[in-house]
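J.: Below: one structure in structure tokens.
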Amino acid sequence: MPAESKSAEPLRQGAASASLPTRAYFDPAQNAWVLSRYKDVLDALREPALRQEGPEKAPPQVRNDVSAALSQAMLSEWEKEIEPLADRIIASMPRDRPVELVSEVIRPWSLAVTSVVLGLDASGARQLAALAPRLFANDAGVQTPLRSRRSFRGMLQGVRRRIVRVRLDRLLRSAHVPGVQSLFLGLTQTIPEFLANAWLALLENPSQLARLRAEPDLIPKAIEELLRYSGPVHTLVRRADQTVELAGVRVAEGERVMLKMAPANRDSDHFNAPDSLDFTRRSAGHLALGGGPHSCVGALLVRMSAICATRAFVEKMAGAKLIEPAGWRRGSTLASPCSLRVLRPG
Ligand code: HEM
């Protein structure tokens, strides 16, 4: 995966429903077919002749390991510990200066959640927190792979000093949790990237933020809609193992196919008024967590933790205002704000 580049508001440019092509096309610059209609992308995700390619590819064992770690009983246990974490962090934020939500709230929260899920003791949690400046150093250079062992090593290479990599590796191994590297990446990279996207969407839609404060029971539905509206995974890549008819085109054996997830989630043939954030719509069926045989194994953990954090955000940050445009980072798979400077209401 190439290093990330910073660019202005790439998600919205990529996702705007008005810019959707009507059918699949071949992009010579990418040397790949590009699919961005909801139905085409869903068909491709379910197509057995297409195999995963790129940093999002997880070895089959990882799927089993992560599922084994995420039992319903464990999720219920973790929820009790995760519930108060965001509340505590946000409550400690000052009101007399701007707060940068990504570095001051979202990432510390994600490390605290990681400690809970990996069962780190107090010393492990302290060690992880001490590694944070290295883990999140150099936004522009650190890659944001999703899951595979190879990608994990890629991320570790982004952690500059070797001694830090060794400590992190030892810490994770000592957690004795199946699929620990995938869990770690999901918790410290993908979930924070989703929260940054989601909270930006709320800050930009103050009436919706106020509505959630008045009707907190809507938050689970809101998380589903925020996944649809601003999920962080914008592109997945597949390669054809055999020639296949897809989206009205013939994809020859060996050809690549790019699945444009963000535009598919804004397809007006599937979602009414797709560019508006509407917590009462039926967002189920969105593709933010994939679909078909490789859909996200961490989906329940994503939903539970995002609901907990967003509950605290809605309660304590209603009325917060962005004081400058969000900074963005974009990788080949994920895009998210890397800085969200806000002023809390007094
Ligand atoms: C908001 C956060 C997350 C998002 C948006 C997300 C999104 C996705 C997507 C789109 C896929 C499909 C990849 C494909 O079809 O090629 C996927 C797969 C996967 N996700 Fe997540 N994910 C998130 C968090 C997590 C977490 C926390 C974990 C670990 C607990 C996790 C573990 C996995 C695994 C292991 C797969 C691979 C499944 C397979 O290839 O069979 N994800 N995720």
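J.: Which whole-number percent is the relative contact order of the chain (Cα, under 8 Å, 6+ apart)?
T.: Relative contact order for the chain comes out at 33 percent.
J.: What does the extension gain come out to for Asn64 and Glu215, with contour length at 0.36 nm per residue minus their alpha carbon separation?
T.: Full-extension gain reported as 50.6 nm.
J.: Let me ask something additional. Can you compute 3J(HN,Hα) from phi for each residue in the range 336-343, using the Karplus curve 6.51 cos²θ - 1.76 cosθ + 1.60 with θ = phi - 60°, rounded to whole Hz and x for Gly and Pro?
T.: 6, x, 9, 8, 9, 8, 10, 10
J.: Over the Cα atoms of the range 203-346, each weighted equally, I'd like the Debye log10 I(q)/I(0) at q = 0.10, 0.11, 0.18, 0.21 Å⁻¹, rounded to two decimals.
T.: So the normalised log intensities work out to -0.43, -0.51, -1.19, -1.48.
J.: I'd like to know which of Gly292, Tyr229, Val105 lies farthest towards the positive end of the charge dipole of the chain, counting +1 on Cβ of Lys and Arg and -1 on Cβ of Asp and Glu.
T.: Of the options given, the answer is Val105.
J.: Also, quick follow-up: What does the extension gain come out to for Ser92 and Tyr25, with contour length at 0.36 nm per residue minus their alpha carbon separation?
T.: 19.1 nm
J.: Hey, can you grab everything whose amide H is under 5 Å from the amide H of Leu246? Only 5+ residues off in sequence or another chain; H modelled, so Pro and N-termini drop out.
T.: Here the answer is Val251, since their amide H atoms fall under 5 Å of that of Leu246.
J.: Please list 3J(HN,Hα) in residue order for the range 174-184, calculated via the Karplus relation 6.51 cos²θ - 1.76 cosθ + 1.60 where θ = phi - 60°; whole Hz, with x for glycine and proline.
T.: 5, 6, 6, 10, x, x, 4, 5, 5, 4, 4
J.: Taking the chain as a Gaussian network, where each spring joins two C-alpha atoms under 10 Å apart, which residue of Leu202, Leu218, Leu287 fluctuates the most?
T.: Leu218
J.: Which residue fluctuates the most in the chain, going by a Gaussian network model with Cα springs under 10 Å, if the choices are Arg311, Arg63, Arg250?
T.: With Cα springs under 10 Å in the chain, the top fluctuation among Arg311, Arg63, Arg250 is at Arg250.
J.: Place a +1 charge on the Cβ of each Lys and Arg in the range 10-343 and a -1 charge on the Cβ of each Asp and Glu, then give the dipole magnitude about the Cα centre in debye, rounded to the nearest 20.
T.: 1000
J.: Something else about it: List, in order, the whole-Hz ³J(HN,Hα) value for each residue of the range 113-120 obtained from phi through the Karplus relation with A = 6.51, B = -1.76, C = 1.60 and θ = phi - 60°; use x for Gly and Pro.
T.: Going residue by residue, I get 5, 4, 4, 5, 5, 7, x, 6 Hz, with x marking Gly and Pro.
J.: Mind listing the long-range amide H neighbours of Ala32? Cut-off is under 5 Å, sequence gap 5 or more, other chains count too, H placed in the peptide plane at 1.01 Å from N.
T.: Amide H neighbours of Ala32, under 5 Å, 5+ apart: Asp27.
J.: Turning to a different aspect of this structure: Along Cα→Cβ, 7 Å out, is where each label goes; now give me the distance between the ones at Glu83 and Arg126 in nm to one decimal.
T.: Each label point is offset 7 Å from its Cα along the Cβ direction, giving 2.9 nm.
J.: A further question on this structure: Just from its helices, what would the mean residue ellipticity at 222 nm be for the chain, if runs of 4 or more DSSP H residues each count -39500 (n - 2.57) and the sum is divided by every residue, rounded to the nearest 500 deg cm²/dmol?
T.: -14000 deg cm²/dmol
J.: In nm, give the distance between the simple-model label positions of Leu322 and Glu204, each being 7 Å from the Cα along the Cα-to-Cβ direction.
T.: Going from the Leu322 label point to the Glu204 one covers 0.6 nm.
J.: Separate question: How many lysine pairs are close in the chain, with Cα atoms under 28 Å apart and the two 8 or more places apart or on different chains?
T.: 12
J.: Averaged over all directions, how much area does the convex hull of the C-alpha atoms of the chain cover when projected, in nm²?
T.: Over every viewing direction, the Cα hull of the chain projects on average to 16.7 nm².
J.: Give the shape of the range 258-305 as rounded, prolate or oblate, defined through the alpha-carbon gyration tensor: a ≥ b ≥ c are the square roots of its eigenvalues, a/c under 1.5 means rounded, and otherwise the shape is prolate if a/b is larger than b/c and oblate if not.
T.: It comes out oblate by the Cα gyration axes.
All of the numbers you see were taken from the coordinates with simple rules; none came from a lab. Predicted model only: the values in this text are computed from it and were never measured. Glycine gets a Cβ as well: all are built from the backbone with ideal geometry, and neighbour counts include every protein chain shown.
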